[in-house]
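Everything below concerns the one structure shown next.
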Amino acid sequence: MHPLRLTVNGTPHDLKIDPRVSLLDLLRENLAMTGSKKGCDHGQCGACTVIVNGRRINSCLSLAVAHEGDEVTTIEGMADGEALSPLQAAFVKHDAFQCGYCTPGQICSATALLDELKRGEPSVVTKEKVELIDEEIRERMSGNLCRCGAYNNIVDAIMEVAEART
Amino acid sequence: MSEHEFKGLIGQPLDRVEGPLKVSGRATYAADWRGDKPHLIGFIVESPVAKGRIVSIDTKAAEACAGVEAVVTHENTPKQIPFGERAKGGRFAQSHAMMRTDAIRHLGYPVALVVAQTFEQARHAASLVRCEIAAEDGVFNPEKHEDQAVKPDELDGTPEVDTEAGDFEAEYGKAAHQVEGEFHTPSQHAAAMEPHATVAQWDGDKLTVHMSIQILGDGRKAFANTFDIDPEDVRIVSPYIGGGFGSKLGVHNEAILAAHGAKLTGKPVRIAQHRRNVFSNGPHRPRHRQRLKLGADANGKIVAIDHATLSIMARDYPFAEAAASPTRASYATKAMRTSHRVVEGDIPKADSMRAPGEAVGTLTFESMIDELAHSCGVDPVEFRVRNEPEKDPHSGKPFSTRKMRRCLQEGAEKFGWKGPVSRREGDWLIGHGMAAAIRPNLMQEAEAEIELSTDGHLTVRLDMTDIGTGTYTILTQIAAEAMGVAPEHVTVKLGDTDFPETCGSGGSFGAGSTGTAVFEAAKALKDDLLKRAAKADSEWKGTNSKELRIDGANIALGNRSLPIAQLGDGSGGISAKGAAKPGKEYKTMAQYSYGAQFAEVAVDAVTGEIRLRRLTGVFDAGLILNEKTARSQLMGGMIFGIGAALMEESLMDERYGAFMNRDLAEYHVAVNRDVPRLDVHMIEGFDENSNPLGSKGIGELGICGAGPAIANAVFAATGHRVRKFPIHMEDLLEHLPAIG
Ligand code: FES
Ligand code: FES
């Protein structure tokens, strides 16, 4: 068993874990926070996306022991009590999900994406500078699969929150 | 606007009522359920061969690993009825026995299940199981074994496997325009984002499973038929399902294995299939070869249609996909012939995937219709309008409502259709294509219960599921409108076999069937309330329950009002049941949903890369129960159509019967950037022959027509017809303009 200290949604944890445990399984099994989903366990779907020290990662592709001292934010940390975050509310309003299984990952991904836009970080479709256009959101959200096909509505939800921020 | 009585919540674009739970990670899918006892975790050891017998299996090293509580193999599985037996209730209800004998059913078939305290322990121990198998040759490609092809007993519920009307050979022989072609459509996987998962727990002879399943009633029978127990002793709980698309209609391998593990250890066992498991321990859409011959006269009227399919099905799992059945109801013709043949193979379960039959059948048939329109020199929209049938060409029955013409014409208008345009923009070849969509409208039996509490809150219960289809929301709307309350006064509870049985989600019949059951339950509750009111207060005698509503903790009618608390027997709420079943109109009429789809693609003139630029769909699905969720479902279907045309195929290594691209990096589904703005329109309507709500199935309609519209656009762009799906850039390379 390996010692691990990290913070999840503001709560510090002092743990002893099997070094084989992925960050995703740490959340889901050891901490019983099942909001983050396992769609592939191989970094291919984005369902497990969480935010670590401000950046989005696929938590299934990362061993928990590699996160000593890190600050992890999961879908459970997005709302303020019953009050949904602007992105969560926009997802409901724009029907940006159907089955909801990819949704925690989409929302974590989109939350980090808004900060990437703010920092002006370019993507493969960026020309001169980052612009708030569909193409930019679609490209940056393409690591989060949605088999129900809520893509258009996901873009609408993110766009609404991104526009309100600028 | 068609006239109907629904003027309130039904149809409104209400936000999903379970939305806040889903966006905050609080909706509990099967693998999220925890319960009060810790779960053991099961990991599947898969067979590396497709057919054969286990000679020996060595589990000692696995059993010696830390945390391992049991290793299940064919040597210690509990008593089971052989796989495929007790098939009276259909393939979903039959025995789904796993590892009952030493026989291997397909590649990836479980040879062992390792059960341990943690996932990491189980996975490691599973790698230590050694299994020696005497392999035999298997059947994987139906075309190679066409000599073994048989006519299936039925087609996924449709008794007519082959049809013949008129003299095809004569009509085709003298047709002014003849086109023919052989198409190949691949195996596909539904690839729902949630892999199949089950938590099983025995309590003596009673089995409780939390799992991801679309039809709970059949699932319950499957467990009962597998373990030879009473269905009443099986409880299935499935409140949230992370996508189904047919792949979770029934129980799959992990479900039975979890029950095995739980039996052996006496503890709850959870198995979430690994994504790679899903490709062989879950179902898939089978591959098809489809041969089409179409003839038209000099006026562009279709005179002859022949559609013959050859496919594959898994042994002892009777599912033959009805790929030629949509053809039967599509166009007027003088002669028509359709047939389906299948070869039994040593493959994982072939089964329904979104729009079984139509999805692959219209893909090829609507491509061929495009060819015929070209051959006749008639615009493809005009060609379809010209060949619209007045009654069902196959059965001769009248259609319930068929607004295909309107779909075609409005679609052309919204898209700006000017024929199958082809033009060049720099390095891009642009093409426009279109296709018609058709999907049977079905109705099944369902029951529902509605309970009114003394404070005026309504609770609706039924074992229906919400697989992303919006069931929680539309049933809330139906109950709220029927009882005259705001949606926040209604709670819908789904996904539990303790609730009244329904048909579940599948075949696009869920909303109409279960919505009707809830509607009928509300009517029965109102009748009952009125009877009780008349007993409590004679003023209420002779009133009509239709106008009755709930007003706070009272029932109200006109200016009368009575506290609900005075109506019951003091023991709590008042409840009523309602039921739905298909009306005689399903026998006397041909019932379908319709649509027309229009696509613009750009093909890279140098590389052949295909980009979808626009997709417009116009749909006729009767009364839309929720404008927002219906639009989403149609979009999801259209995206499946994009996948079918351009991306999705499960490739099999035919030497071994192994699906090779067993993950989401290699089985390509459309990602966000693959999907342009989809333009979706729903024609207002009300089909009184369908059900009391006037709705028709919508969940599978969107996939129909989308794929062939894209394929026809690729043809328009390049002048080359690809007769295999998905269409890839390498299929076009040789047919691109010369460079320079
Ligand atoms: S579960 Fe991590 S990317 Fe799919
Ligand atoms: S909402 Fe079902 S996969 Fe995205």
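Here are a few things to note about the model shown:
- Subset of the range B:666-723 [without any contact (Cβ under 8 Å) to a residue 12 or more places away in the chain and within 12 Å of chain A (Cβ to nearest Cβ)]: B:Glu666, B:Val671, B:Asn672, B:Arg673
- Count of the range A:113-153 residues, restricted to those that are among the small types (Gly, Ala, Ser), within 16 Å of ligand 1 (Cβ to nearest atom) and at the interface with another protein chain (Cβ under 7 Å from one of its Cβ atoms), is 1.
- Residue match in the range A:123-131 (condition: in a helix (DSSP H, G or I) and of a type in the set (D, E, K, R)): no
- Output for the range A:79-95, where each listed residue is more than 7 Å from chain B (Cβ to nearest Cβ) and within 19 Å of A:Asp115 (Cβ to Cβ): A:Asp80, A:Ser85, A:Pro86, A:Leu87, A:Ala89, A:Ala90
- Flag if A:Ser22 is away from ligand 2 (no atom under 16 Å from the Cβ) and not assigned by TED's automatic domain parsing to the domain that holds A:Ala112: yes
- Residue, farthest from ligand 2 (Cβ to nearest atom), within the range B:196-237, restricted to residues that are within 14 Å of chain A (Cβ to nearest Cβ) and in contact with a strand residue (DSSP E or B) (Cβ under 6 Å, 6 or more places away or on another chain): B:Val199
- Only residues that are assigned to a helix (DSSP H, G or I) and either among the acidic types (Asp, Glu) or away from ligand 1 (no atom under 16 Å from the Cβ) (or both) were counted in the range A:64-112, giving 12.
- Of the numbered criteria (1) surrounded by fewer than 16 Cβ atoms within 10 Å (Cβ to Cβ); (2) more than 14 Å from ligand 1 (Cβ to nearest atom), the one A:Leu61 fails is (2).
- If the condition is being crowded, with 24+ Cβ neighbours inside 10 Å and within 14 Å of chain A (Cβ to nearest Cβ), then the range B:101-118 contributes only B:Ala116.
- Here A:Arg55 meets the list (1) more than 11 Å from every other protein chain (Cβ to nearest Cβ); (2) surrounded by fewer than 20 Cβ atoms within 10 Å (Cβ to Cβ); (3) within 13 Å of ligand 1 (Cβ to nearest atom) almost entirely, failing just condition (3).
- Test: residue in the range A:110-125 that is within 20 Å of A:Asn58 (Cα to Cα), within 12 Å of ligand 2 (Cβ to nearest atom) and touching a residue at least 60 places away in the same chain (Cβ under 8 Å): no
- The residue that is nearest to ligand 1 (Cβ to nearest atom), counting only those in the range A:27-52 that are more than 9 Å from chain B (Cβ to nearest Cβ) and within 11 Å of A:Thr73 (Cα to Cα), is A:Thr49.
- Count - residues of the range B:134-172 that are in a helix (DSSP H, G or I) and within 19 Å of B:Asp306 (Cβ to Cβ): 6
- Residue satisfying all of: in the range B:430-453; among the aliphatic types (A, V, I, L, M) and over 30 Å from B:Arg354 (Cβ atoms); nearest to the chain's Cα centre (by Cα) among these: B:Ile450
- One residue from A:Thr49, A:Thr73 being touching a residue at least 60 places away in the same chain (Cβ under 8 Å), outside the structural domain of A:Cys102 (by TED's automatic domain parsing), of a type in the set (Ser, Thr, Tyr) and more than 16 Å from ligand 2 (Cβ to nearest atom): A:Thr73
- Boolean, B:Ala175 is more than 16 Å from ligand 1 (Cβ to nearest atom), out of contact with any Cys (no Cβ under 9 Å at 6 or more places or on another chain), within 14 Å of chain A (Cβ to nearest Cβ) and part of a loop (DSSP other than H, G, I, E, B): no
- The listed residue being closer than 23 Å to A:Asp95 by Cα and among the hydrophobic types (A, V, I, L, M, F, W, C), out of B:Leu615, B:Leu646: B:Leu615
- Identity of the residue in the range A:126-151, without any contact (Cβ under 8 Å) to a residue 24 or more places away in the chain and over 18 Å from the mean Cα position of the chain (by Cα), that ends up nearest to A:Asp41 (Cα to Cα): A:Glu135
- Of the residues screened, B:Val603 is one that is crowded, with 24+ Cβ neighbours inside 10 Å, outside any helix (DSSP H, G or I) and assigned by TED's automatic domain parsing to the domain that holds B:Lys403.
- Being over 12 Å from the mean Cα position of the chain (by Cα), within 16 Å of ligand 1 (Cβ to nearest atom) and at pLDDT 95 or above is a property that holds for A:Val21.
- Taking residues in the range B:188-211 that are touching a residue at least 12 places away in the same chain (Cβ under 8 Å) and outside any strand (DSSP E or B), and partners anywhere that are surrounded by fewer than 22 Cβ atoms within 10 Å (Cβ to Cβ) and among the hydrophobic types (A, V, I, L, M, F, W, C), the pairs with Cβ atoms closer than 9 Å and at least 6 places apart or on different chains are B:Asp205/B:Ile229.
The values are calculated or read from the model by the stated rules, or taken from the named source; none is laboratory data. No experiment lies behind these values; they were computed from the predicted model shown. Note: ideal-geometry Cβ built from the backbone for every residue, glycine included; neighbour counts use all protein chains shown.
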